[in-house]
Each structure stands twice: as C-alpha cells, then as structure tokens.
Amino acid sequence: MKKTLVFCIAITAISLSLQAQKVNDAKVPASIKLSFAKQYPGSTAKWEKENGKYEANFKVNGNNTSATYDVNGMLIESETDIKISDLPAVITSYIKEHYKGSVIKEAAKITKADGTVNYEAEVNHKDLIFDVNGKFIKEQKD
C-alpha cells in the first residue's frame, strides 16, 4: 500500500511539472523580455514556462496571441487565434472528409521563427496541424 501511495504521488508530481506554470514577470529573463518588447512593442504579456521555454500570452489587434522563446530570448514561434471561417477552405474540406461529423472548436495561425506558416484546428480534443497550403501535417493531443 505504501509503495502504491509513493508511486501515485510521484506520478502526480511529474505530471504537474510537465504542465505550463505561470511565471511572475520579474522572473522572466531580461533577454526574453527584451526580445518580446522588440517584436511586440507596447504589448503586455502574462508569462508561462513549460519544458524550459517561456511563453508570452497577450493580444494583438484583439486576437489572443502567444509567442514562445528559448532561454536565450530567441523566438521559436508565435500563434494567433483566428476565426474558424478564416481557415483555408482546403483545411475545412479535409476535416469534413476525415473527421466526419466533427466540429472545429478553435483555429490558429502559427508562424515559426523562420517565417514558415502553419494552421491549427482543434477537433475532438486534438490539434490538427496543416501547412500554409492546407496540406495535413500531423495530429497531436490538445
């Protein structure tokens, strides 16, 4: 019984540490805050840390946006919520064909640091990732 309890506590601790953790602005490295300020002047962020990366959550033109940085302040990617109707038609057609009867709950445009654009559609608690031309790339758990 004691071993089971210790095992459950360990699993809980590990799963909690893998989730994004809110970070006080004062604890975000200066290099990251400087990069953010240059890329999104005038924006104020709420910060999270996950898997050693920092994520700024803020609004751009009224849209929820996030920007993910490595520990050196290099932008990895940004993600902006978009209207489902703004997804390319080829993506909505793919979802209708391959996820019959499913509803798209959310949509986003992802821009990688190198300028590569992907789209994300949340369907059945999964994120479906597509390239800029609407070609399916992968499915990942939400």
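Derivation of every value follows stated rules applied to the coordinates shown; laboratory data play no part. Here the structure is a predicted model, which is why all the values come from computation and not from measurement. Note that we place each Cβ from the backbone using ideal geometry, even for glycine, and neighbour counts take in every protein chain shown.
Among H98, H125, sorting on how many other beta-carbon atoms sit within 10 Å of each Cβ, with the fewest leading, yields H125, H98. Across the stretch 113-124, coupling constants 3J(HN,Hα) worked out from phi with the 6.51/-1.76/1.60 Karplus curve, θ = phi - 60°, read 4, 7, x, 4, 10, 10, 10, 10, 10, 8, 9, 6 Hz, and Gly and Pro carry x. For the stretch 83-142, a crude dipole built from +1 on the beta carbon of Lys and Arg and -1 on the beta carbon of Asp and Glu, taken about the Cα centre, is about 120 debye to the nearest 20.
Hey, could you grab the Kirkwood Rh for the stretch 68-142? Inverse mean 1/r over distinct alpha carbon pairs, Å, one decimal.
Details: mean 1/r = 0.0783 Å⁻¹.
Value: 12.8 Å, from the Cα pair sum.
Shape call for the stretch 21-75 from the C-alpha gyration tensor, a ≥ b ≥ c root eigenvalues: rounded (a/c under 1.5), prolate (a/b greater than b/c) or oblate? Working shown, then result.
Values: a/c = 1.68, a/b = 1.34, b/c = 1.25.
In terms of gyration-tensor shape, prolate.
Across the cross-link table entries K27/K141; K22/K135; K112/K138; K33/K83, which are compared at the Cα atoms, the separations over 22 Å belong to K27/K141; K22/K135; K33/K83. Under Stokes-Einstein, with the Kirkwood radius over Cα pairs as Rh, the value for the chain at 20 °C and 1.002 mPa s is 126 µm²/s. Stretching D131 away from K38 to a fully extended chain increases their span by 30.8 nm, per 0.36 nm per residue minus the current alpha-carbon distance.
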